[in-house]
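To start, the structure itself, in structure tokens.
Bear in mind that the values in this text are calculations on the coordinates, not laboratory data. Predicted, not measured: the structure shown is a model, and the values here were computed from it. Glycine also receives a Cβ, built like all others from the backbone with ideal geometry; neighbour counts cover every protein chain displayed.
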Amino acid sequence: MTNDHSALLAQLELFKSADAGAMFTELIRTGLQELIEAEATAKIGAGRYERSTGRSTHRNGSRSKTVSTTSGDIEVKIPKLRSGSFFPSLLERRRRIDKALHAVIMEAYVHGVSTRSVDDLVGALGVESGISKSEVSRICAGLDQEIAAFRERTLSHTEFPYVFCDATYCKVRVGAHVVSQALVVATGVSIDGSREVLGTAVGDSESFEFWREFLAGLKARGLSGVQLVTSDAHAGLKAAVAQQFTNSSWQRCRVHFMRNLHGVVSAKQQPVVTAAIKTIFAHTEPEDVLAQWDHVAESLAEAFPKVAAMMVEAKADVLAFTAFPKAHWQKIWSNNPIERLNKEIKRRADVVEIFPNPAAFLRLATAVVIEAHDEWQVTRRYMSDVSMDELKVVIAKKHAAQALDKGHQIS
């Protein structure tokens, strides 16, 4: 008790010589440290240097942690244990996304390129006094190591018959200019019906070269067994898919195709075209879907010649899904699942507005998709066992037909 009383008197003398801001910061630090020590004592079953039969383990030093508060950054000591782990409940671990967002904001702040909204958020985090470049580097280095491991992990553990590709754009500072850069994401459905994020990349545009390098990188990491790639009709992406996945089909996203159709008719005419197209996808047999497509295209030819012409040209690509199990149709005929990921990326990116560099953009976006990837691993499978067995039959028939064609060519 005497020691505690002496410590309090020493603390009081320190407060007397400090300004008001420093005093409140030190009060917060002291109070938080005491709460951390009390929680550690409860977990261990004994206080520091206390002998107790109920002790579960012993302290083994401590590690420092910087905590951002409204009174500024403070440093506390978190006790380490000889066995097991301890992290105070008051300092809830940040999710990976929040760490990435914090890192981007801090990096923008340090480099002086942050917007007003970022400045406001920095203030809300309690770091008005600034943060050092070394601290930003430390935060980013830890995240980059984790994100690089995810982006470079092997994909050879299984096959991915279904692959989805899409891109979203954000403002990024490159040198002295602010430009729009593409963040591309690929997801896949494995042969057992589970979903994974396959990869991410940031580039200047959705060019053929960019997509080719990205898809080639997925293959180099072990991506195999691809039967169908779903994406929009961007010319660069389509060409890269055709080159990198020569034995697979390409599904043109029906949602993107509908937007393309809306672009050639007036706003008043769009509901009519939409209603007609929807009748196609209401059918449940492949031959009925194909027949209805032709019927709708013919019926719209006189009033909407551009729509009819686009339908004739895009028929095989938009209806590629009909060659696969019916149970999968609604999940493979559009990019809707991956677009939900893009919306979450945009929601997080809107806080930053302008990324200080491409690496910061990639860091935050990849952190977002890793969170989705992790959630997919613990939720029920995206496609059922029964439907995946049907897909295996489709794949076997396709391989048999290809082998037969090769045999005829040789003979």
Exercise for review: Please list 217-229, 282-294, 394-406 highest first by mean number of surrounding beta-carbon atoms within 10 Å per residue.
Suggested key: 217-229, 282-294, 394-406
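Could you line up VAL273, VAL178 from fewest to most neighbouring Cβ atoms inside 10 Å? The partial results should precede the final answer.
Working: VAL273 20, VAL178 14.
Going from sparsest to densest Cβ surroundings: VAL178, VAL273.
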Check your understanding: How do GLU390, GLU34 line up, fewest other C-beta atoms within 10 Å first?
Key -> GLU34, GLU390
Exercise for review: With no solvent and one equal point scatterer placed on each C-alpha of region 228-295, evaluate the Debye formula and give log10 I(q)/I(0) for q = 0.15 Å⁻¹, two decimals.
Suggested key: -0.63
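Could you tell me what fraction of 2.2 N^0.38 Å the Cα radius of gyration of region 157-398 comes to, as a two-decimal ratio? Numbers along the way, then the final one.
Details: Rg = 18.9 Å, N = 242, 2.2 N^0.38 = 17.7 Å.
Dividing the Cα Rg of region 157-398 by 2.2 N^0.38 Å gives 1.07.
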Exercise for review: Apply 1/(1 + (r/R0)^6) to the Cβ-Cβ distance of LYS397 and SER83, taking R0 = 60 Å, and write down the FRET efficiency to the nearest 0.05.
Suggested key: 0.60
Point to revise | Segments 191-199, 45-53 sorted - mean Cβ within 10 Å per residue, highest first | key: 191-199, 45-53
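Pairs LYS219/LYS315; LYS268/LYS306; LYS171/LYS238; LYS43/LYS80: which exceed 19 Å Cα-Cα?
Numbers: LYS219/LYS315 29 Å; LYS268/LYS306 16 Å; LYS171/LYS238 25 Å; LYS43/LYS80 12 Å.
Listed pairs above 19 Å: LYS219/LYS315; LYS171/LYS238.
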